[in-house]
Amino acid sequence: MLHLALFTIFGAVAVAGAVNLLVQRHPINSALSLIAVMASLAVEYLLLGAEFVAAVQVIVYAGAIMVLFVFVIMLLNAGEEELTRGSRVAILFGVPGVLIGAVLIAWTLRYWRSCNRSTSRSS
Amino acid sequence: MLSITTFVIVSIIKSVIAILLLLTAVAYTVWLERKVVGHIQNRWGPTRVGPFGLLQPLADGLKFILKEDLTPPHVYKPLYIAAPMIAVIFAITSISLIPIGNSISIGGINTPLQITDVNIGLLIILGITSMGVYGVALAGWSSNSKYSLLGGLRASAQMVSYEISLGLSLVGVLIMAGSFSLRTIVDAQGGTFWGFIPRWNVFHGQEVAFFVYLMSAFAETNRVPFDLPEYANMITVACLATLLFLGGWHGPLFGPPLLQAILPVFWFGLKVFCFLFLYIWVRGTLPRFRYDQLMAFAWKFLFPLAVANLAITGLIVALRS
């Protein structure tokens, strides 16, 4: 029960961090939300019982690679980005892509659930 | 197995005790440093508040609380406020994995003398330490001044560089113990050679690793621009040195059962104290490095030395098995 609650909370934090990464206009905020995503992924690994992967995720991604990201952003003194009105390519390919992805996920979930039901019936 | 309620209660009690211990230790390490450096420089150090200036940390704390909280204009406010918090949080978190003695049992509840015994404890401590770099880097950047930016970059580059040799110097110990768990590492160091030399890792083929660790630990913590995490990091580093190289809580046991129960914790505290004293002693004695010499020392001397030590230790352990 506690596991499930923690897993859901940190999954939500990871998704929120990923969305925040895209929405933020300042690069350093984006980098920091990427760190938050990495850290909550590490917690998910920990909850799944993969302690070593969790520790390595923190040391390598959050501790080493993201430090370099932050360094580069600081040294280049990157300022706030201007929001554009969106590119045509993104609308042409992005919207159908998201739709296809959603359909695939829904289909997989349904298939997985029916498989589960049949196995539980046979057992 | 403990039930979940007792587990939660025991954990909370242990966490509160650990935080209180750590903060007191931090306050009195500041006092010790001022006292020792004072005596090295032929001064008295703090003497006014309490006997031997022992209440000085309390007075300092009061002063910090009553001070005006000044925020310069043009800083990037969210990070300017968050950066010191990040540094303090990561400095304090790592103490939760440090064992200070064997397990004790009170009223039928048997619990180890540490907040949690994770079987990859050392890796998690390394991870937490590597996150501490952000506090320094972000503080330098968010002040919106090129001097503090350069200072923050230098300090974090120094921490990142010395972390490599620090981590590599620990791998030799891990090979000897065959585990990441701090408890197992300490247990592997029990007993003596020929009855009088303790089987600590520092006398057991890891002299070079201890030297590399010592040097990296000096660089890793000494010139961090915040005071509080600096001292908390100092204590963490001293605890790690004690656990990994100086045999943890192992020491001569004698006397009645009650004394025998307290002695391991006493030996642990004594070793940590000696390490902290050495730390302050070196700080009061040696001059500073120039920054480029500092980086050259890390990359051209300590790093190859740590790799060589790792290779030789691995070879010896492989040949012996």
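List of remarks:
- Residue check, residue B:127 without any contact (Cβ under 8 Å) to a residue 40 or more places away in the chain and within 12 Å of chain A (Cβ to nearest Cβ): yes
- Meets criteria (of a type in the set (A, V, I, L, M) and touching a residue at least 12 places away in the same chain (Cβ under 8 Å)) for residue B:259: no
Results for (1) over 30 Å from residue B:84 (Cα atoms); (2) surrounded by fewer than 13 Cβ atoms within 10 Å (Cβ to Cβ), shown as yes or no for each residue.
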{"residue": "B:248", "(1), (2)": "yes, no"}
{"residue": "B:260", "(1), (2)": "yes, yes"}
{"residue": "B:281", "(1), (2)": "no, no"}
{"residue": "B:313", "(1), (2)": "yes, no"}
{"residue": "B:317", "(1), (2)": "yes, no"}
{"residue": "B:320", "(1), (2)": "yes, yes"}
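- The combined condition, being hydroxyl-bearing (Ser, Thr, Tyr) and either outside any helix (DSSP H, G or I) or surrounded by fewer than 17 Cβ atoms within 10 Å (Cβ to Cβ) (or both), is not fulfilled by residue B:29.
- Matching residues in the range B:130-139 - criterion: being of a type outside the set (A, V, I, L, M, F, W, C) and in contact (Cβ under 8 Å) with a residue 60 or more places away in the chain: B:132, B:135
- Residues located in the range B:147-175, provided they are more than 14 Å from chain A (Cβ to nearest Cβ) and crowded, with 19+ Cβ neighbours inside 10 Å: B:165, B:169, B:172, B:173
- Residue match in the range A:30-45 (condition: closer than 22 Å to residue B:80 by Cα, buried (at least 18 other Cβ atoms within 10 Å of the Cβ) and touching a residue at least 40 places away in the same chain (Cβ under 8 Å)): yes
- Test: residue in the range B:34-55 that is loosely packed, with under 15 Cβ neighbours inside 10 Å and hydroxyl-bearing (Ser, Thr, Tyr): yes
- Qualifying residue in the range A:75-85 (condition: facing chain B (nearest Cβ under 10 Å) and in a helix (DSSP H, G or I)): yes
- Pairs, first closer than 23 Å to residue B:188 by Cα in the range B:201-220, second modelled with pLDDT under 85 and surrounded by fewer than 22 Cβ atoms within 10 Å (Cβ to Cβ), C-beta under 6 Å, six or more apart: B:203/B:197; B:210/B:202
- Residue list for the range A:83-116, filter: among the aromatic types (Phe, Trp, Tyr) and closer than 19 Å to residue A:22 by Cα: A:93
Listed here are the residues, each with its yes/no results for (1) more than 14 Å from chain A (Cβ to nearest Cβ); (2) part of a strand (DSSP E or B); (3) touching a helix residue (DSSP H, G or I) at 6+ places or on another chain (Cβ under 7 Å); (4) not small (Gly, Ala, Ser).
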site	(1), (2), (3), (4)
B:65	yes, no, no, yes
B:74	no, no, no, yes
B:95	yes, no, yes, yes
B:100	yes, no, yes, yes
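- Scanning the range A:17-45 for residues that are away from every other protein chain (no Cβ under 14 Å) and over 27 Å from residue A:76 (Cα atoms) turns up just one, A:44.
- For the range B:120-139, the criterion of being part of a helix (DSSP H, G or I), of a type in the set (Phe, Trp, Tyr), crowded, with 20+ Cβ neighbours inside 10 Å and modelled with pLDDT of 85 or more is satisfied by at least one residue.
- Residue within the range B:283-306 that is at pLDDT 80 or above, in a loop (DSSP other than H, G, I, E, B) and in contact with a helix residue (DSSP H, G or I) (Cβ under 8 Å, 6 or more places away or on another chain) present: no
- All of A:11, A:49, A:63 fail the test of being more than 13 Å from every other protein chain (Cβ to nearest Cβ) and without any contact (Cβ under 8 Å) to a residue 60 or more places away in the chain, apart from A:11.
The values are calculated or read from the model by the stated rules, or taken from the named source; none is laboratory data. In this text the structure is predicted, and so the values were computed from the model without any measurement. Cβ: placed from backbone, ideal geometry, glycine included. Neighbour counts: every protein chain shown.
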